[in-house]
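The values are calculated or read from the model by the stated rules, or taken from the named source; none is laboratory data. Quick caveat: nothing in here was measured; it's all calculated off a predicted structure. We place every Cβ from the backbone using ideal geometry, glycine too, and count neighbours over all the protein chains shown. Please note that ligands, DNA and RNA were not included when accessible areas were found on the heavy atoms of the full protein model with its side chains. Shrake-Rupley method; radii C 1.70, N 1.55, O 1.52, S 1.80 Å.
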Amino acid sequence: MRHRVYGRGLGRDKNQRKALFKSLISSLLISETIDTTEGKAKSVKGLIDKIINQAKNPSTKRLVSQFLINKNITEKLFKDLVPRLGKRNSGYTSLVRIGKRLGDGASMVRMSLLLENHNKDKKEKNTQK
């Protein structure tokens, strides 16, 4: 029975799981889309929302940089990604099933950030004038 057990273990201990989540989030912020297993993607989804919500407040840059070890990723998040997220409060990622992995049959998903393009906004403003 799983009474009062929260989260997925993913066959790893606490430190390995934390390192896995950090690397998945870093990869997602760098490339804006990753292919991973469904369990890993669902586990990371809440963490990504928390980090992006913290990044919306410029005074929390130190907290975000403690989680994201690479300074370039932190800068990209604050200067590039947060403005492109628009007025969205949560749900920054989308999961699309892409089938089963050939090796072990694990269900794979494509996880991507839901970003808005600045070019679209500029075109809409120009057409409204």
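Summary table below
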read-out	value
Near pairs, Cβ below 6 angstrom, 6+ apart or cross-chain, from the range 54-71 (free of Cβ contacts under 8 Å to residues at least 12 places away in the same chain and more than 22 Å from Ala19 (Cβ to Cβ)) to any residue that is assigned to a helix (DSSP H, G or I) and open to solvent by 70 Å² or more (accessible area, probe 1.4 Å)	Thr60/Gln54
Breaking point among (1) at pLDDT 90 or above; (2) open to solvent by 100 Å² or more (accessible area, probe 1.4 Å), for Arg101	(2)
Lone unmet requirement of (1) among the polar types (S, T, N, Q); (2) within 15 Å of Met111 (Cα to Cα); (3) surrounded by 14 or more Cβ atoms within 10 Å (Cβ to Cβ) for Gln54	(2)
Answer residue from the range 1-53, given it is among the basic types (Lys, Arg) and part of a helix (DSSP H, G or I) and is modelled with the lowest pLDDT among those	Lys14
Any hit, the range 113-124, residues being surrounded by 17 or more Cβ atoms within 10 Å (Cβ to Cβ), modelled with pLDDT of 90 or more and in contact with an Asp or Glu (Cβ under 6 Å, 6 or more places away or on another chain)	yes
Residue within the range 67-89 that is open to solvent by 70 Å² or more (accessible area, probe 1.4 Å) and among the hydroxyl-bearing types (Ser, Thr, Tyr) present	no
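Here is a yes/no grid of residues against (1) under 19 Å from Leu114 (Cα atoms); (2) of a type in the set (A, V, I, L, M); (3) more than 14 Å from the chain's Cα centre (by Cα):
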site: Arg2; (1), (2), (3): no, no, yes
site: Gln16; (1), (2), (3): no, no, yes
site: Ser26; (1), (2), (3): yes, no, no
site: Leu47; (1), (2), (3): yes, yes, no
site: Ile52; (1), (2), (3): yes, yes, no
site: Arg62; (1), (2), (3): no, no, yes
site: Gln66; (1), (2), (3): no, no, yes
site: Pro83; (1), (2), (3): yes, no, yes
